[in-house]
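Notes to accompany the following structure.
The values are calculated or read from the model by the stated rules, or taken from the named source; none is laboratory data. In this text, all values refer to a predicted model and were calculated from it rather than measured experimentally. Cβ placement follows ideal geometry from the backbone for every residue including glycine, while neighbour counts extend to all protein chains displayed. When the accessible area is computed, the model is the full protein with side chains, heavy atoms only, and any ligands, DNA or RNA have been set aside. Shrake-Rupley method; radii C 1.70, N 1.55, O 1.52, S 1.80 Å.
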Amino acid sequence: QVQLVESGGGLVQPGGSLRLSCAASGERFSLLTMGWYRQAPGKQRELVAVITAGRKTTYLDSVKGRFTISRDNAKKTVYLQMNSLKQEDTAVYYCKAGAGDGWWGQGTQVTVSS
């Protein structure tokens, strides 16, 4: 069983930056693939970034070069550094642990607006 708590969301102007954090419980964190997803109003949830246990990363095309996913296994935390934010990045951002159904956090709102 893994519990996830996201933080770091908020309101930011276009071009600004935010860093999301996802703190995990459980003993298997270092073995888990961790991902960030987002869901905008009226849209399906989409994968934003993934980092494997071996620290291989994958990104949604629209965030490549702007977002960076990283992990700190000692702190059992995964991060999403978001730079050059755009209005279309506005969404609820969710952290997920593991493959398949996995475990999900409660989400954190990111609003990009002037």
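Overview of values
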| quantity | calculated |
| --- | --- |
| Looking only at the stretch 10-22, and only at residues there that are part of a strand (DSSP E or B) and in contact (Cβ under 8 Å) with a residue 60 or more places away in the chain, the one that is nearest to GLN106 (Cα to Cα) | CYS22 |
| Filter result for ARG19 (of a type in the set (D, E, K, R) and open to solvent by less than 30 Å² (accessible area, probe 1.4 Å)) | no |
| Output for the stretch 87-110, where each listed residue is over 13 Å from LEU20 (Cβ atoms) and in contact with a Lys or Arg (Cβ under 8 Å, 6 or more places away or on another chain) | GLY102, TRP103, TRP104 |
| Subset of the stretch 67-114 (residues that are of a type in the set (Val, Ile, Thr) and within 17 Å of GLN39 (Cα to Cα)) | THR90, VAL92, THR108, VAL110, THR111, VAL112 |
| Residue within the stretch 43-53 that is among the small types (Gly, Ala, Ser) and in contact with a Ser or Thr (Cβ under 8 Å, 6 or more places away or on another chain) present | yes |
